[in-house]
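A short write-up of the structure that comes next.
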Amino acid sequence: MGIPAAFRWLSNKYPKIISPVIEDKPIVMDDGTVIPVDITRTNPNGEEFDNLYLDMNGIVHPCSHPEDKPAPKDEEEMMLEIFKYTDRVVNMVRPRKLLLIAIDGVAPRAKMNQQRSRRFRSAKEAKEKEADKQELYKMIKKQNGGVMPPETLESMAKQAFDSNTITPGTPFMDILAGSLRYWCAYKLNTDPGWAKMKVIISDATVPGEGEHKIMDFVRSQRASADHDPNTRHVIYGLDADLIMLGLATHEPYFRVLREDVFFQEGKARTCKLCGQKGHEATQCRGEAKEKDGEFDEKDKAMPLKPFIWLHVSVLREYLAVELDVPGLPFRFDVERAIDDWVFMCSFVGNDFLPHLPALEIRENGIDTLTAIWRDNLPVMGGYLTKDGSVDLDRAQLILNGLAKQEEAIFRRRRATEERREAGQKRRKLNDERNGRNNGRNGNNGVPMDPPQALTHDMIINRTPAPDANAANKSAAAALKSQIQGLMAKESTQEAAESETPPSGASKRKASMIEDDGASTPGSESQVATPPPVVNVDPSEDTVKLWEDGYADRYYEQKFHVDPKDIEFRHKVARAYVEGLAWVLRYYFQGCPDWEWFYPYHYAPFAQDFVDIGKMKINFEKGRISKPFEQLLSVQPAASRHVLPEIFHPLMTEPESEIIDFYPEDFAIDLNGKKMAWQGVALLPFIEMPRLLAAAEKKYPLLSTEDAARNNVGKEVMLLSEANQELYDDIISQFYSKKQGSPELKLNPRVSQGLSGQVKKLDDYLPHGSLEYPLERKAMPSVDDDRSLTVHYEFPQTNHAHKSMLLRGAQPPTPTLNRSDIEELKGKLRHSGRSHGGAPFGRGGYGTNNNRGGRGGGNINYGPDSRGQGGRSNGPPHHNGNQNRFSAPGGYPVPPPGWIPPPPGVAGFGAGLPPPPPPAHYNNGRDSYGYGGQGGGGYGGNQGYYPAPPQPPYNGYGGGGGGGSYYPPSGGQNSRSYNDGRGGFRGGRNHR
């Protein structure tokens, strides 16, 4: 799902889902001999695991272009790094039955749009990085008297790895698949810990995203009568959606393994310009690398980042507590409740849909959705989802609940941003004040010594020079002040002569000082004059969601439609609902439609979802794209080298019928964000019929080798001769004198529970030689290969994946204790309800300042008394103006800016009072001596005497008890009760 920041948010909210991995490491002897980890021994983590699944792209990317060390020199070094990393992961888990390696194949069209955005951004960043690199080389040449050092020439000749090659259909993916097949066979021949392990490899020729191919496998095994419901699963990967997919399996023993994202100690900074450690690109001086050790061998000894477990079973425990709603008119089912929670998480963002504007995971958007769900579940009559299908009438209630708080969320977000910006300005002023006070020496502010060398950032971005050494900080501060003054003076002089676009304000090219004799920013040369600073803030938010009329501005600026066209808004919302249904089906049953995609760059508002229960959504499997079609869909022209040359004119020639799919430049809309990577890349959507028509003309011109890369492949299974029973079963079927059919249905009693079918490989014979596939022969070949390779197919079933624990499943030992549970219950009362704005629903009370701060009372997101049968047909459309939802009893919610009167002023106390204390509290009387009369429905007497006078603005109905599970119904009797969540609530209507 690719929910941004989800992993960190989940681990902070549910701390016991995370635990460190205990790892045995290879032993290095004094003579340099390495003793590998013996994975035949008991797992030091206290539990043995059956199956390990590797979402392989999460290994390939960091190994091919690492962030914390120099990149591998070539593809062979990349493969060796991948082997090393994979071996470490396998050694941690020590799977006893199965290792499944899944590489991303051709993706559904819905995912291609996100891949296209990423790859175009990557190419744009690479172009900018190369331009900066050239500026650095000019600076180095300038510093060295016009002579380029040999180390720099070597660096210039080295081409950076294009990460866009990690896409199905490229030669790199062919090399990766062949290398992994060799390495797994080698391990089966040489490592005793692999002897009983079966290895399945689903490479990039097999359609589907890696993690979803893994989920297809898990679901296929669950459908088998021989599946062990207590199988211990571990999945490795970097995406947060693995957590959601783990929940969606409804397997009781499931863990996610990944690097510890919270570990920062010892992380070396690596310059992206020169590739050296210890500094970043902005501080690069272009100096030659100093060797660490005689052959620089010490530099390569990087500290290993630790790994952590995420226990999906413990997350299930937390959710069982958080999603439990007492007093339901139907049986509570924690499995169905978890499915609803997974579905709602897709509202916060995923790889297929933009997140709803009101929902940010960093703002606890999931908590807001959970609160809405809890308030509406009793009147929905059941759960939102069932086995991957969504009830749209019930989903309408969730979206209605979100619409009630949408504007308050925007206002609170703005208030939070303003407070943060004010704090940053205060800190900046303090830093500058301290710098002025302490940054000068006794020589009238003149620095004692100039800085030792220019840095890349000083030349490109005009940042001041760093301090020459730790003892000369005052001189450096003085120099900084001097440079800043000179820059300001010269900027003023040139401002009237020329205008520079915003990008020019941040970078100054080295070509501007090519003929400058000075080598320091302090030179008086006019060539060193910086470009004028243009006061344009590209991050300025012109929609201003926190102000009235935001919806009109949003659709006019983002969608370029008439703000009065309300039907268009509903059209966008219906497309989004289709997307939600598609994502849910994808997560629980597999890809429902390979051609569907969301056709807009932005999401609608919650208020725009109207009458979605009337929609009829049907998906058809559709056509799966070929690898070259995906490459043409997602790659920019700058990465055309990953495609056969015959396709290049389609991406570059002006007369190409699809040249408009490959813009050289494109806008990135920050959409209210601060960083470019958070923005929306405004790329044209691919029109697939046009693209297919253009590609079809080129297919007959492909070479045999290229055409082979465009075909669909199959999974392969490898196993060792030591896995004797299964090995003999397959050998006797395929390679004995009495060989039978080239297909064999696996017997789960022989294959350790593995179901499926294997097929004989063409032109393959057992006990042949295992050849290392890469040029430099960095690993040995094996003359007598004792492993066996066959094609493997998942078992086919007509049964849908069911949201339930299988019969015979034994729940894990609980991790949460009573204190954990009570703490979580205590937070539920206010969780997701503190966005500010007016309280509403049944039982809200408190003040409202409508300025983005915390609202005074609990908010109930359930349907109000106007709904027919507890159902609502959607909120009225208000075009981004003030909240026009009515409070219970038909009273309007006060307008923005209304503030309740202070104590002692007429009107104080009007509105919905808090629930009365429980009957047994203080002998039936509260601390002020008032009687504890339980109110009826809204407008009922709560026992607060005398009745408060009416305020100037009668925004709330008087009286009313605590939150009701059912729509309020006038004067029904009500009683307070202990909700089991750390407090009492009053006035619940009971039927």
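Once you sort the root eigenvalues of the Cα gyration tensor of the stretch 88-135 as a ≥ b ≥ c, which label holds: rounded (a/c under 1.5), prolate (a/b larger than b/c) or oblate (the other case)? Write down the numbers at each step before the final one.
Values: a/c = 5.99, a/b = 1.77, b/c = 3.38.
Oblate shape, in that a/c is at least 1.5 and b/c is the bigger or equal ratio.
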Checklist entry - If you take the beta carbon distance between GLU567 and GLU540 as r and set R0 to 35 Å, what does 1/(1 + (r/R0)^6) give as a FRET efficiency, to the nearest 0.05? => result 0.70
Checklist entry - Considering only DSSP states other than H, G, I, E and B, which chymotrypsin sites (Phe, Trp or Tyr not before Pro) in the stretch 713-785 qualify as loop sites with at most 15 other Cβ atoms within 10 Å? => result TYR735, TYR764
Next on the checklist: Can you give me the distance in nm between label points at HIS641 and ASP611, each placed 7 Å from the Cα along the Cα-to-Cβ direction?
Outcome noted: 5.6 nm
Checklist entry - Tally Lys/Arg at +1 and Asp/Glu at -1 over every other residue whose Cβ is under 11 Å from the Cβ of TYR182; what's the total? => result 0
Item to check | Set LYS616/LYS697; LYS621/LYS738; LYS571/LYS698; LYS213/LYS558; LYS187/LYS759; LYS697/LYS745 screened for pairs whose C-alpha atoms are more than 32 Å apart | outcome: LYS616/LYS697; LYS621/LYS738; LYS571/LYS698; LYS213/LYS558; LYS697/LYS745
Checklist entry - If you find the alpha carbon centre of the stretch 680-703 and of the stretch 713-763, how far apart are they in angstrom? => result 40 Å
Checklist entry - What ranking do 371-380, 644-653, 46-55, 674-683 get when scored by the average of other Cβ atoms within 10 Å per residue, highest first? => result 371-380, 46-55, 644-653, 674-683
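From the Cα gyration tensor of the stretch 53-118, with a ≥ b ≥ c the square roots of its eigenvalues, which class applies: rounded if a/c is under 1.5, or else prolate if a/b is larger than b/c, or else oblate?
In terms of gyration-tensor shape, oblate.
For the stretch 584-689, rounded, prolate or oblate, judged on the Cα gyration tensor with a ≥ b ≥ c (square roots of eigenvalues), a/c < 1.5 rounded, else prolate if a/b > b/c? Please list the in-between numbers first.
Details: a/c = 2.39, a/b = 1.37, b/c = 1.74.
Oblate, since a/c reaches 1.5 and b/c is not below a/b.
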Item to check | Rough spin-label spacing in nm, given labels placed 7 Å along Cα→Cβ, for GLN796 and ALA415 | outcome: 6.0 nm
Item to check | Between the stretch 584-637 and the stretch 202-251, the Cα center-to-center distance that results, in Å | outcome: 21 Å
Item to check | Which of THR542, THR370 has the fewest Cβ neighbours within 10 Å, and the rest in rising order | outcome: THR542, THR370
Checklist outcome for this item: At q = 0.21 Å⁻¹, the log10 of I(q)/I(0) for the stretch 689-833 from a Debye sum over equal Cα scatterers comes to -1.32
Checklist entry - Could you state the number of Å between the C-alpha centres of the stretch 64-88 and the stretch 1-52? => result 19 Å
Next on the checklist: Taking the number of other C-beta atoms within 10 Å as the exposure measure, put HIS560, HIS791, HIS767 in order starting with the fewest.
Outcome noted: HIS560, HIS767, HIS791
Item to check | Label-to-label distance, nm, for residues given as LYS69 and ASP260 (7 Å Cα→Cβ offset) | outcome: 1.8 nm
Checklist entry - For HIS767 and THR652, what is the calculated FRET efficiency with R₀ set at 45 Å and r taken between the beta-carbons, to the nearest 0.05? => result 0.35
Checklist outcome for this item: Residues GLU81, GLU209, GLU823 in order from fewest to most other beta-carbon atoms within 10 Å are GLU823, GLU81, GLU209
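Readers should treat all values here as calculations from the given coordinates under stated rules, not as data from a laboratory. All figures in this text were calculated on a predicted structure; none of them were measured in a lab. Note: ideal-geometry Cβ built from the backbone for every residue, glycine included; neighbour counts use all protein chains shown.
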